[in-house]
Structures are given as C-alpha cells and as structure tokens.
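Only one structure is covered here, and it is reproduced in the block below.
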Amino acid sequence: SNKTAWWKKSVVYQVYPKSFCDSNGDGIGDLNGIRKKIPYLVKLGVDVLWLNPIYASPQVDNGYDISNYREIEPTFGTMEDFENLLAEAHEAGLKIILDLVVNHTSDQHPWFQESRKSKDNPYSDYYIWKDEVINNWGSSFGGSAWEYAEERAQYYLHCFAKEQPDLNWENPKVRQEVYDILRFWLDKGIDGFRMDVISLLSKDQSFPDGPVIQNKAYGSYYAGCANGPRVHEFLQEMNREVLSKYDIMTVGEAPHTNADEAALYTDESRKELNMVFHFDHMHLDYDENGKYATNRVPLVALKKIMTQWQDKMHECNGWNSLYWCNHDQARAVTRFGNDSEEYREISAKMLGTCLHMMQGTPYIYEGEELGMTNADFTRIEEYKDVEALDIFKDFTERKGFSKEDTLHLLHLKSRDNARTPMQWDASENAGFSEAQPWIRVNANYKKINVENALADSDSVFYYYQKLIALRHELPIITDGVYELLDAENEKIYAYLRKGEKESLIVLCNFTDETVEYEVDESVKAERSELVISNYKDAPEKFASKITMKPYGAYVYYTK
Ligand code: TEU
Ligand code: CA
C-alpha cells in the first residue's frame, strides 16, 4: 500500500516558468532561470517541483495549448536545458513533475491541422466534430464551445479557447498517443505528472445541454464533461499501461468534482491517481455572477469543506492535495488572509500553519512563501490572461458592469494575480529579468522580495522553512487522523491530528481581533509542548484557555 509513499511526506513547490526567473533577458521566465534558483528551493526545503507546461505552444493559454508534446517551447529553452535542469534538480535532492495537458491540444498541433481538413483522414477522429452546434455549451474563455472549420464544414468542441480543441478520448488511437507521450517523459526520469482538467476527459456522448449559471451567455459544459461515463476506465487503462510501471506521483486537476467523486480517482485500490486538486474552497467567495462579491471567505463554510475532504480521503484510502493558491487563483494572503501592511506577514504564516498541519501533500505556489499579494493593476491593458480579457469584455459589454467594478473584480479574482513576476530583490524588475517583463511586476516588490526575506529571521520564508521541516520530522503530521473542533466558530479554525503515540492541536485565528479562546472540553491534553506558532511570545504550554492574537496560529502536542 501507499502507506509510506514518498509523495505522502513531500512538499511540492509550483513553479510557473513564465514568471519565475528570466535568464536570457527577453522578459520571459525560462528553464535556465529555474536552474539558477535551485539553491533557493533547496534552502526552502521543498521536495518536488511542479512545472506548469514547458512544451512547444503558441501561448494562447500560456502553454496549456500544446503544439508539440515532445519539444520544449523555445522561449523556455532547449531539451538540453531541460535535461540539465532535471539532472541538477535530482542532484540537489529535488524531484520534478511536469504538467500533462491531454484533454485538448493547440489548434496548431499537427494532429488538429490534419483533422480539420476532412472527415476521412487518419486524424479525423482525434477530435470531437459535429455537423452543427448540438448543444448550448460555452467555452471557459468566452463564446460558444463549438467552432466552425470551413475546410471540413463541421464544428469542433473546445471547452477552453477555440485554439484548444478537445481531444476525442473515445478514440483508442488518441489514448495510445497520450500513453506514448507519458513514456517519453517518464523515460527521461521525471518523477510524475500534474494532470490538467483530468475530470473532463470522458464526454457524455449524447452531449446534453448544460445549465446556464451565473447569468452566463452559454450553458456549462460540466454537465456533459465532468466525471463523464468512461473517465475512470480511461485512467485505470493509463495506470495499467504506463503509470504503474514507474515510481512516480500523480495529481489530477479535477474541476467540478466533489469529495465522493474524488474518492473514485484517489482510492489507491482503484489504481488511478494518487491525489486530485479540488475547487470546493475556491468558490466560497463567488457571487451569482461567478466572481467575487467580496474578498472575504466565510470561515465556517471553509472549515466544513476542508473537513469533508480530510474525512473522505481518510475513509476511502485516498490522499489529499493541500493548496490555497495556484496559477489560476488569487494569491492566498489577499484572498484568505489580510494583505494590509500590519497583518500581511502574520496572516501569511497563519495560513501556512493551517494548511501544512493538515493531512495530505501541501503545495506552495511560487511567492506564497514570501507572502506575495494580488496584483496592483489599475488598467485592463496590464492584464494578459485570455480569461481576464474575456471577463472584462463579457462583464462590461454584456453584463453591464462598469469598468471600475470589473477592474475591482479582476483585482480580486483574475488568474494574473498569481502570474506577476517572482520578486527576487529590490533591483529593477524585482531581479526577475534584465528586460521589460511580459507582465508588470507588482509595485510592492521593493519590500516583498526574496533578498529581504532571507535577511529577516522573522520572514514568512523562514516560517515556511520550519513548516516544511516539521513535516519531514514529525510522522504525526503525515499520519495523524484529522478531527475538526468547534465547527460553528466563525473566527477560529481548531482541529486535532490524532495518532497512537502522539497528537497535535492546531489553533488558527482567521481574524484581526484578539480572541480569548476556550478549547473544547473534550480535548484532554497529556502533553503540552508548543510545536510552532507565528507569535514569538506564544504560551509555551497548551492550556484550555488561550489568548489568540490577530491571525495567531498555535500548534501544541496534546499527546
Ligand atoms: O484549469 C482548469 C479550470 O478549471 C480553469 O477553468 C480554472 O479553474 C479557472 O480558469 C479558474 O479561474 C486548467 C489550467 O490550470 C488552466 O490554467 C488552463 O487555462 C485550463 O485548464 C485549460 O487548460
Ligand atoms: Ca527568458
């Protein structure tokens, strides 16, 4: 069983290559930039790097539109650069997982270039073609999910941009092509994959209309794509034919998948994936427009969802991914904490404690360990993301929002919040590049940067370094059973991690108030040493009454 699988004791660091470090002065991050920063990542103490897509791509969706799966995107570097990065990472004790995007390809991929020509060539059935628009599905990035191709005189499905045609997974040839791509990279020695929108691979072949939600112009494709009829059959085939032959880790991005469904992907006896990313905690601050109404996440709802996933993954012998942020989401400290001058660092440390003491594999998104914040863009021209530009168009032109309100929504919600350049130091462009970066650096880089963090023993960086070290040192953090306390408390997140020999209690104050907290009387402490806190003057010993300072995080042994 996966009892002691290496990925159960690992902390993953997500590198968004385009925004991490530019080594050749073109304003775009690249592989040699990542190589330069290996010592930094080793110092942080992480175990695995997840690189967002680095394959040849026209970059319509920043690499999630792949035109050649066996070639490195030239702006990121060469295959030799990648092999050097992999060797140097392994040398330094870091594993690398790549991003597998096989729900769709780029429309520039040779398969699609052929498929769109006619109905009777070897690639005609690699994609999903219909004689007319057969349902109301809309693309994630605006417009209908069906696009007309003149030459073939048919429509093709694209759940994302029209430059991202969906592959036809019903076609066994497509599946074998994908398995060959997996082997190509695994045989180079990579350590696994993050799998893009893996829950969408199997479409309901009746292609039913989807519900029109969040007063969108089209129906949601999730009805016909999410967790479709054959998705588990496909993943079990992928596991049987490829994944099971390597000592790797797999994490599937599973939009629109609840905990019960996720058990079918992660229950190790089903031999599909090791874990999935869910989105249940990423939609708590949406309003009926499908974007943020406020930038406050209701804590009781958050606790309920995190607990549901902890319980379910424990019950089904699955495993959790743990994250607050990624390249598609707003930054953690702005969204779940408090990015004001006074509380940014203390709340970033609290969020790190709350997540890293849970059961599962934690993911740190580049810059989260610095307490980097949402972008400070004030004009639509500063946004680069295909999704942000569609939101702006749709909200101002169709939904009647003002530019100001729409820009406020983008400040809270846009994926570009996480894609501004990594802030290395206070030099021009934050040390990210010698040239004008492809997207503007956040003006707070003079204060929030790696150089300052490494010079400050109290920085978020060193606190994350401690959290990561604790996970490596204390088995209770990997194996302890999670139990929520005080579910209805709207300010404090309190939970236990219970083991045979040791137990912990984790207390996190999600507010800027000092809270006199009384721990549930059911908690009988046989031990009381402090494990970690973001306040230096935290009580050294656990007591059932504790004064919790603003955004205070306190972890004690109770056994
Ligand atoms: O994202 C899948 C997905 O569900 C996105 O719609 C995401 O949840 C949304 O944009 C959040 O605002 C994956 C990748 O992570 C994303 O970067 C790609 O754009 C998308 O698939 C298509 O490949
Ligand atoms: Ca570059």
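Each value in this text was obtained by applying a stated rule to the coordinates, not by laboratory testing. As the structure is a computational prediction, the values presented were derived from the model and not from experiment. Here the Cβ is made from the backbone with ideal geometry for all residues, glycine too, and neighbour counts use every protein chain on show.
Rg/Rh for segment 276-358: what does it come to with C-alpha atoms and Rh from Kirkwood? Result: Rg/Rh = 0.98. Here the peptides 225-234, 37-46, 189-198 are ranked by packing, the mean other Cβ count within 10 Å, and the order with the highest first is 189-198, 225-234, 37-46. Taking 17 Å as the straight-line reach from the Cα of K216, the lysines in range (excluding those fewer than 8 positions away in the same chain) are K291, K393, K399, K413. Straight-line cross-link partners of K36 among the lysines, defined as a Cα under 30 Å from its Cα and at least 8 positions apart when in the same chain: K8, K9, K18, K95, K188, K349, K384, K446, K447, K466.
Classified by the C-alpha gyration tensor, segment 195-255 has an oblate form. Its axis ratio a/c, with a ≥ b ≥ c, is 1.5 or above, and a/b does not exceed b/c. Throw me the Rg/Rh for the chain, computed over C-alpha atoms with Kirkwood Rh, two decimals. Radius of gyration over Kirkwood radius for the chain works out to 0.96. Restricting the calculation to Cα atoms, every distinct pair contributes to the Kirkwood radius of segment 1-136, found to be 17.0 Å. Remark on V481: its backbone amide H falls under 5 Å from those of K498, G499, a criterion applied only to residues 5 or more positions apart or on other chains, H modelled at 1.01 Å from N. Cα-based values for segment 249-320, radius of gyration first and Dmax second, are 13.4, 41 Å. On a C-alpha basis, how far is the centre of segment 489-511 from the centre of segment 243-272 in Å? Whole number, if you could? Computed from Cα coordinates, the inter-centre distance equals 27 Å. For segment 64-208, the fraction of C-alpha pairs farther apart than 24 angstrom is 36 percent.
Computed from the Cα positions only, the extents of segment 425-483 along the three principal axes stand at 48, 25, 18 Å, in decreasing order. Each peptide in 98-105, 26-33 gets a packing score, the mean of other Cβ atoms within 10 Å over its residues, and the list from highest to lowest is 98-105, 26-33.
Translational diffusion coefficient of segment 462-559 (Stokes-Einstein, Kirkwood radius from Cα pairs, 37 °C, 0.692 mPa s): 241 µm²/s. Of the residues S139, S402, S321, S19, the one with the fewest other Cβ atoms within 10 Å heads the list, and the complete ranking is S402, S139, S321, S19.
Largest first and in whole Å, the equivalent-ellipsoid semi-axes of segment 396-540 read 38, 24, 14, each the square root of five times a Cα gyration tensor eigenvalue.
Protection proxy ranking for 282-288, 489-495, 79-85, using the average of other Cβ atoms within 10 Å per residue and placing the highest first: 489-495, 79-85, 282-288.
Across the alpha-carbon set of segment 63-118, the Rg to Rh ratio works out to 1.11, Rh being the Kirkwood radius.
Compactness ratio for segment 335-461: Cα radius of gyration over 2.2 N^0.38 Å (N = residue count) comes to 1.16. Across all directions, the average flat footprint of the convex hull enclosing the Cα atoms of segment 1-58 is 5.3 nm².
Taking a straight line from the alpha carbon of K559, these aspartates and glutamates sit under 13 Å away, with near neighbours fewer than eight places off in the same chain left out: E500, E502, E526, E529.
The ellipsoid that matches the Cα gyration tensor of segment 377-431 has semi-axes, each √(5λ) in whole angstrom, of 26, 10, 8, with the longest given first.
The convex hull built on the alpha-carbon positions of segment 231-279 has an orientation-averaged projected area of 3.2 nm².
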